[in-house]
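The values are calculated or read from the model by the stated rules, or taken from the named source; none is laboratory data. Keep in mind that what you see is a predicted model, and the values were worked out from it rather than measured. Glycine also receives a Cβ, built like all others from the backbone with ideal geometry; neighbour counts cover every protein chain displayed. These area figures cover heavy atoms from the full protein model, side chains too; ligands, DNA and RNA do not enter into them. Shrake-Rupley method; radii C 1.70, N 1.55, O 1.52, S 1.80 Å.
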Amino acid sequence: VFFGAYFGYKQDAIEFPVNTSSIPRQIPDQPWFMGIPFTLLVGGILPFGACFVELYFILASVWMDQYYYVFAFLFLVFAILIITCAEITVLFCYFQLCGENYHWWWRSFTTAGSTGLYVFLYSFVYFKQLEANQLATYVLYFGYMGMASFALFLMTGFVGVTTCLVFNKTIFGSIKID
């Protein structure tokens, strides 16, 4: 924490390429596919679909005492997950900006982060394979899977916000205002 605070205060503040008005604009009605439920569903299913097969083997190694030994392939799947989260978040951010909706910060975080929700829902499907007969098993499994899913939510949400910030700085930096 102290190292992060030290290096964080040494950085310059984020410089935005254009000035914004302090008076908020009215956001027009958005189409049905730009609503929050749809963007969360689609924004999470695509990255989850890119890595759910590997997730089965990871869960088997953690919960069923099997040995996991394909770490190079795991790194490749992790890279695919990060790239897919970045692409789907930039795509929805672009659609949102085209619809004159400028509230992209939290939407980009939750769009990419909803992958963690799908991982948690998949943990219910995977739990059927385990032989659970005590309450402690349920508490430990869903507690750990909840924490892991929340960590994945935070990680992929960070990727979404960062890529949308770079995307917005790039497209608005290329605008020439005379």
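Per residue, the range 39-165 exposes an accessible area of 57 Å² to a 1.4 Å probe, with every protein chain left in place. Taking the Cα centre of the chain as origin and assigning +1 to Lys and Arg Cβ atoms and -1 to Asp and Glu Cβ atoms, the resulting dipole is close to 160 debye. Scaled against the 2.2 N^0.38 Å expected of a compact globular protein of N residues, the Cα radius of gyration of the range 28-71 reads 1.82. Using only alpha carbons, the range 29-178 has a radius of gyration to Kirkwood radius ratio (Rg to Rh) of 1.08.
Packing, taken as the mean count of other beta carbons within 10 Å per residue, orders the peptides 30-41, 107-118 from highest to lowest as 107-118, 30-41. Look at the dipole of the chain built from charges on Cβ: of 109, 86, 132, the Cα furthest out on the positive end belongs to 109. Here the range 1-99 is treated as an ellipsoid with the same Cα gyration tensor; its semi-axes, largest first and in whole Å, are 36, 25, 11. When shorter helices are ignored and each DSSP H run of at least 4 residues is given -39500 (n - 2.57), the per-residue value for the chain at 222 nm works out to -25500 deg cm²/dmol. Note on the range 1-57: the alpha carbon radius of gyration divided by the globular reference 2.2 N^0.38 Å gives 1.95.
Against the main long axis of the alpha-carbon atoms of the chain, helix 71-98 sits at an angle near 40°.
For the chain, the fraction of 1.4 Å probe accessible surface lying on carbon and sulfur atoms is 70 percent.
If you wrap the tightest convex hull around every Cα atom of the range 94-170 and split its volume per residue, you get 86 Å³.
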